[in-house]
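Written below as structure tokens is the structure these notes are about.
The values are calculated or read from the model by the stated rules, or taken from the named source; none is laboratory data. Keep in mind it's a predicted model, so treat the numbers as computed, not measured. Cβ: placed from backbone, ideal geometry, glycine included. Neighbour counts: every protein chain shown. For the accessible areas, the whole protein counts, side chains as well, though only heavy atoms, and no ligand, DNA or RNA atoms are used. Shrake-Rupley method; radii C 1.70, N 1.55, O 1.52, S 1.80 Å.
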Amino acid sequence: MEELKKRIESHISALSQFTATPQKGTTRLTYSQEDLQARNYIKEKMKECGLAVREDGLGNIFGKLEGTVKDAPSVLVGSHFDSVPNGGSYDGPAGVVAGLEVAALFAQRNLKPKYPLEVIALIEEEGARFGGGLMGSRGMTGLLSDEDFRNLKDQDGISTEEAMVKIGLDPALPKIRDPKTMKAFLELHIEQGPILEEKEIPIGVVEAIVGLTQLDVTVAGRAGHAGTTPMDRRSDALVTAATIISQLPGLAAEEGEGTVITTGRLNVFPNGANVIPDKTVFTIDIRSGKEENVLNVIEKTKELIHSYNNEGIEITIDQPLYIQPKELSKDVRSLLKKKSDELGIPYCFINSGAGHDAMVLSDFTDVGLIFVPSKDGLSHCPEEWSDSYHLAQAVEILYETAKSLTEAEEN
Ligand SMILES: [Zn+2]
């Protein structure tokens with residue numbers, strides 16, 4: 001474990017050097033010089049583990065250890081290697097490094113898998129250069145079309161293809177991967193939240209990626225002079241909105257199971273210091289791992305809001321966004337649980353509040369996602385940090401899981 005821990009630290013530290021903002025965190029935009037440096041490092045390490053390396057027409061990197069069964073689908077392990085501007089050293093790279101170390105253990109222990117093992121390093125998950133995000137996984141599954149990919153430009157007007165060519169990548173290579181070539185995908189990611197650290201548990205086995213709903217609420221009241229309108233004659237749109245918003249956290253708490261609710265935007269009209277507001281518009285963001293919980297809270301929220309409709313106040317609700325929670329593969333999850341048990345590594349089940357490439361790939365193959373604690377729950381900043389001991393524990397679990405899924409035997 002000590003040796004594994006050291007190797008992980010050395011990978012993380014090496015990758016963190018490939019940044020456009022030294023001393024100010026990791027800034028590694030897709031198809032940048034830093035991307036090229038990290039890419040070369042990852043490809044080099046893949047080769048050292050005896051993997052056959054290739055890149056697709058998006059610049060995703062694949063390192064493959066062939067299986068003994070001809071044309072069998074691969075077990076993929078990895079994550080993304082781009083970053084947000086001034087981000088940390090772990091968001092993305094931790095998962096790529098985990099993939100490299102799983103492959104290194106396969107090589108070290110001389111495993112012969114029946115199904116191929118593939119370490120993958122994906123581009124542009126954060127969307128920091130071309131927008132949208134999850135581009136590597138959406139591109140390789142065809143959710144992002146070739147045409148849409150080609151039309152994307154960064155803020156300097158440089159297209160994806162121009163940027164690729166500049167670092168020696170070939171956009172003409174195939175982009176889409178037949179789902180039949182994938183048996184499973186395993187991803188390690190940092191939690192980016194405080195739960196595991198608070199519980200002092202090194203591993204979170206993700207059950208579901210939370211669903212997301214946004215409601216836009218418009219409260220219409222009646223404007224009036226702040227000095228001359230008596231209190232009992234007012235239809236104050238802001239007071240009504242505030243009364244509603246203050247009750248929302250209670251609805252999420254009552255629902256439990258990790259359900260969260262947030263009002264992050266509130267606009268007041270006419271927004272004058274001496275005018276009774278005649279209109280407020282605010283958002284409600286509701287997330288939970290189970291659709292049932294999401295739907296319950298939407299229902300209760302609507303009920304609560306409508307109860308404030310009266311003569312002077314008229315409230316309307318729009319629902320511009322509804323994304324179903326995505327439950328990850330039960331089989332892979334129970335395998336991860338079994339392997340953690342056998343290794344004696346403590347774990348708990350957790351939901352993921354963020355998307356990840358795992359979410360995209362879960363529509364095409366069996367996906368397992370595990371989290372390690374993030375110090376102080378921080379992410380997307382230079383202070384982002386995870387304990388390499390926890391990462392080593394995660395690698396052990398992924399190694400055993402990959403060994404089982406590839407039906408590898410020790411020689
Ligand atoms: Zn990430």
Report task. Give the residues of segment 267-283 that are crowded, with 19+ Cβ neighbours inside 10 Å, under 36 Å from the mean Cα position of the chain (by Cα) and β-branched (Val, Ile, Thr), sorted by residue number. Result -> Thr280
Query raised in the report: Is it the case that segment 133-155 has a residue that's open to solvent by less than 50 Å² (accessible area, probe 1.4 Å), touching a residue at least 40 places away in the same chain (Cβ under 8 Å), within 16 Å of the ligand (Cβ to nearest atom) and assigned to a loop (DSSP other than H, G, I, E, B)?
Result: yes
Query - One residue from Ile209, Ile203, Ile190 being buried (at least 23 other Cβ atoms within 10 Å of the Cβ) and modelled with pLDDT under 95 - result: Ile209
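Restricting to segment 74-115, and then to whatever is among the charged types (D, E, K, R) and either more than 17 Å from Ile190 (Cβ to Cβ) or at pLDDT below 95 (or both), can you tell me which residue is farthest from the ligand (Cβ to nearest atom)?
First, the residues of segment 74-115 that are among the charged types (D, E, K, R): 82, 91, 101, 109, 112, 114.
Then drop every residue that is not either more than 17 Å from Ile190 (Cβ to Cβ) or at pLDDT below 95 (or both), which leaves 109, 112, 114.
On the way: Arg109: 29, Lys112: 32, Lys114: 31 Å.
The residue in question is Lys112.
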Report task. Would you please name the residue that is surrounded by the fewest Cβ atoms within 10 Å (Cβ to Cβ), looking only at residues in segment 103-116 that are in contact (Cβ under 8 Å) with a residue 12 or more places away in the chain and either among the polar types (S, T, N, Q) or in contact with a helix residue (DSSP H, G or I) (Cβ under 6 Å, 6 or more places away or on another chain) (or both)? Result -> Asn110
Report task. Answer yes if at least one residue in segment 117-126 is assigned to a loop (DSSP other than H, G, I, E, B), open to solvent by 10 Å² or more (accessible area, probe 1.4 Å) and either within 19 Å of Thr406 (Cα to Cα) or touching a Ser or Thr at 6+ places or on another chain (Cβ under 8 Å) (or both), and no otherwise. Result -> yes
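Can you pull out the residues in segment 123-132 that are in contact (Cβ under 8 Å) with a residue 24 or more places away in the chain and away from the ligand (no atom under 14 Å from the Cβ)? Quick ask: steps written out before the conclusion?
From segment 123-132, those in contact (Cβ under 8 Å) with a residue 24 or more places away in the chain are 123-126, 128-130; that's our starting set.
Selection gives Arg129, Phe130.
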Report summary line: For segment 360-387 the number of residues that are over 19 Å from Glu118 (Cβ atoms) and either touching a Gly at 6+ places or on another chain (Cβ under 9 Å) or buried (at least 23 other Cβ atoms within 10 Å of the Cβ) (or both) is 14
Query raised in the report: Would it be correct to say that Val53 is in contact (Cβ under 8 Å) with a residue 12 or more places away in the chain and not in a helix (DSSP H, G or I)?
Result: no
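Looking only at segment 284-301, which residues are touching a residue at least 12 places away in the same chain (Cβ under 8 Å) and surrounded by fewer than 22 Cβ atoms within 10 Å (Cβ to Cβ)?
Selection gives Asp285, Lys290, Glu291, Asn293, Asn296, Ile298, Lys300.
Residue-by-condition table, conditions (1) surrounded by fewer than 19 Cβ atoms within 10 Å (Cβ to Cβ); (2) assigned to a helix (DSSP H, G or I); (3) not β-branched (Val, Ile, Thr):
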| residue | (1), (2), (3) |
| --- | --- |
| Leu4 | no, yes, yes |
| Ile8 | no, yes, no |
| Ala20 | yes, no, yes |
| Gly59 | no, no, yes |
| Lys70 | yes, no, yes |
Query raised in the report: Looking at segment 280-369, what helices (runs of 4 or more DSSP H) fall wholly within it and have at least 1 residues that are within 16 Å of the ligand (Cβ to nearest atom)?
Result: 356-361
Query raised in the report: What is the number of the single condition among (1) away from the ligand (no atom under 16 Å from the Cβ); (2) buried (at least 19 other Cβ atoms within 10 Å of the Cβ) that Leu173 does not meet?
Result: (2)
